[in-house]
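One structure below.
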Amino acid sequence: MRLSKTFIKTLREAPKDETAKNGELLTRAGYIHKEMAGVYDYLPLGLRVIENIKTIIRDELNKLGCEEISMTTLQNPEPWEKTGRFSDQEVDIWFKTELASGGELGLAPTHEEPIVEMMKSYVSSYKDLPIYIYQFQTKFRNELRAKSGILRGREFLMKDLYSFHTSEEDLDDFYQKVEEAYRRIFERLNIADCTYETFASGGIFSKYSHEFQTFLPVGEDTVYYNNDKSVVLNKEVYNEEVLRDLNVTDEKFEETTAAEIGNIFKLKFKYTEPLGLKYVDEDNSQKTVYMGCYGIGVSRLMGVIAEKFADEKGLNWPETIAPFRYYLIGIGENGEKEAEKFYNGREELTLFDDRDKRPGEKFQDSELMGIPLRIVISDKTLAENSAEITDRKTGESWKVSLEKLFDSF
């Protein structure tokens, strides 16, 4: 990408109606554009970050044998009515729309009902199971107060995975594999050291579910953790009974705020029973399919990471999801020529600031955008047959020879 050829422009001041740090910085740096409260467009840089996050998630899920699909946003009310979840009294976050020919449809806030309905066409025997299916899909939730930038939106991108099994033991086994995959995902996203599996309410279907909470000052959840953070509990389940159940009654717990970025849930028969998803077992008896669901908020992850690593200068992306690895600046006639040579053949790795701007302005934008490494080739560095590299994370700068630059970067 050449900055002289893109419509992206950086802003020196944050929009007045954007109070969350992630929303402010992502807007100022040209990653997102706010349409209205809780609704954002992802511009070229932002979309590249989203796609990099998706690539990491997709890689770990595919290793488990999961298959990717894409489901519809428009929802037939019928399966939702069978589970009682199309009623606005039961689920108060629906966006609904009327057909020109009459009748009402919904915009999907999640996909448990339609995926179970779909599986009725493909599951009839124990030989058809297990099945693991996931998608990356835009969800719609009519939040009363959309706030916190892209941490809580009315329209957002989610990865939702659904698994189907013949037994609770098989569900438990896959559930554990997803737990481990999530840990690998967060490790690759550089947030494993501040993200914790958290006990949350399992409702009437299991004693607990598990959330993945990233400790964050602007997080909307309250969690409690013990000294070594080996036990973390959502406020909704933090009580003496649960502590006794987990055998941690003698430990002192601290309170903090956190942002939920994922969850995993053993649904068992919650949706498969009312929707009639059954299979014929080896003994020729009909049995109900066990089910699990596993979510990760992809756009929320982007906001959490933006919040977590930002500093007073701007964004600071981990290299694994940064839109580009290098922010390239050429200064002076010869510096610009050498920068052009470096850029050619490295377009996918390099954001080339070839605008007719002062060097200081380019340096500011490189810090605001948070690209991991800044490369400056100038007439001054060329006098030493070198280029200057600056690490965005540490602020450290060093010189490398042009030969090493072209061979190793």
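The values are calculated or read from the model by the stated rules, or taken from the named source; none is laboratory data. Source: prediction; values computed, not measured. Cβ coordinates were reconstructed from backbone atoms using ideal geometry, including for glycine residues, and neighbour counts include every protein chain displayed.
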(request) Being in the same structural domain as GLY303 (by TED's automatic domain parsing), of a type in the set (A, V, I, L, M, F, W, C) and either in contact with a helix residue (DSSP H, G or I) (Cβ under 8 Å, 6 or more places away or on another chain) or assigned to a helix (DSSP H, G or I) (or both) narrows it down to one of LEU45, LEU11, so name that one. (result) LEU45
(message) If the requirement is being surrounded by fewer than 20 Cβ atoms within 10 Å (Cβ to Cβ) and among the polar types (S, T, N, Q), which of these qualifies: THR214, THR222?
(response) THR222
(message) Looking at the structure I just gave you, is LEU3 in contact with a Phe, Trp or Tyr (Cβ under 8 Å, 6 or more places away or on another chain) and buried (at least 18 other Cβ atoms within 10 Å of the Cβ)?
(response) yes
(request) Sort out for me the strands (runs of 3 or more DSSP E) sitting completely within the range 98-171 that have 1 or more residues that are of a type in the set (Asp, Glu). (result) 104-107, 155-165
(request) With the checklist (1) more than 26 Å from THR272 (Cβ to Cβ); (2) aliphatic (A, V, I, L, M); (3) in contact with a Phe, Trp or Tyr (Cβ under 7 Å, 6 or more places away or on another chain) in hand, flag the one item VAL116 doesn't pass. (result) (1)
(request) Output the number of residues of the range 86-125 satisfying the condition of being among the hydrophobic types (A, V, I, L, M, F, W, C) and either loosely packed, with under 11 Cβ neighbours inside 10 Å or over 30 Å from the mean Cα position of the chain (by Cα) (or both). (result) 3
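For every residue, the table says whether it meets (1) outside the structural domain of ILE115 (by TED's automatic domain parsing); (2) under 22 Å from SER386 (Cα atoms); (3) of a type in the set (A, V, I, L, M).
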site	(1), (2), (3)
GLU260	no, no, no
ASN263	no, no, no
LEU275	no, no, yes
TYR290	no, no, no
LEU301	no, no, yes
TYR343	yes, yes, no
LYS357	yes, no, no
(message) Quick check on the range 126-170: of everything there that is of a type in the set (Ser, Thr, Tyr) and farther than 30 Å from MET36 by Cα, which residue is surrounded by the most Cβ atoms within 10 Å (Cβ to Cβ)?
(response) SER163
(message) Within the range 102-109, does at least one residue satisfy the condition of being on the phi > 0 side of the Ramachandran plot, out of contact with any helix residue (DSSP H, G or I) (no Cβ under 7 Å at 6 or more places or on another chain), in the same structural domain as TYR290 (by TED's automatic domain parsing) and not polar (S, T, N, Q)?
(response) yes
(message) Looking only at strands (runs of 3 or more DSSP E) that lie completely in the range 285-395, which have at least 2 residues being of a type in the set (Gly, Ala, Ser) and closer than 30 Å to GLU273 by Cβ?
(response) 290-297
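Results for (1) surrounded by 20 or more Cβ atoms within 10 Å (Cβ to Cβ); (2) closer than 21 Å to GLU51 by Cβ; (3) at pLDDT below 95, shown as yes or no for each residue.
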{"position": "LYS313", "(1), (2), (3)": "no, no, no"}
{"position": "THR320", "(1), (2), (3)": "no, yes, no"}
{"position": "GLY330", "(1), (2), (3)": "yes, no, no"}
{"position": "GLY335", "(1), (2), (3)": "yes, no, no"}
{"position": "PHE342", "(1), (2), (3)": "yes, no, no"}
{"position": "GLU347", "(1), (2), (3)": "no, yes, no"}
{"position": "PHE352", "(1), (2), (3)": "yes, yes, no"}
(request) Evaluate the following for THR72: is it in contact with a helix residue (DSSP H, G or I) (Cβ under 8 Å, 6 or more places away or on another chain), in a loop (DSSP other than H, G, I, E, B) and in the same structural domain as GLY153 (by TED's automatic domain parsing)? (result) yes
(message) Here is a check on your reading of the model: is GLY65 surrounded by fewer than 18 Cβ atoms within 10 Å (Cβ to Cβ), in the same structural domain as ALA108 (by TED's automatic domain parsing) and either more than 20 Å from ARG141 (Cβ to Cβ) or modelled with pLDDT under 95 (or both)?
(response) yes
(message) Can you name every one of the strands (runs of 3 or more DSSP E) wholly within the range 199-253 that holds 2 or more residues which are modelled with pLDDT under 90?
(response) 208-215
(request) Could you tell me which residue of the range 254-273 is nearest to ILE57 (Cα to Cα), considering only residues that are of a type in the set (Asp, Glu) and in a strand (DSSP E or B)? (result) GLU260
(message) Looking at LYS159, LYS147 in this structure, which one is touching a residue at least 24 places away in the same chain (Cβ under 8 Å), in contact with a helix residue (DSSP H, G or I) (Cβ under 7 Å, 6 or more places away or on another chain) and among the basic types (Lys, Arg)?
(response) LYS159
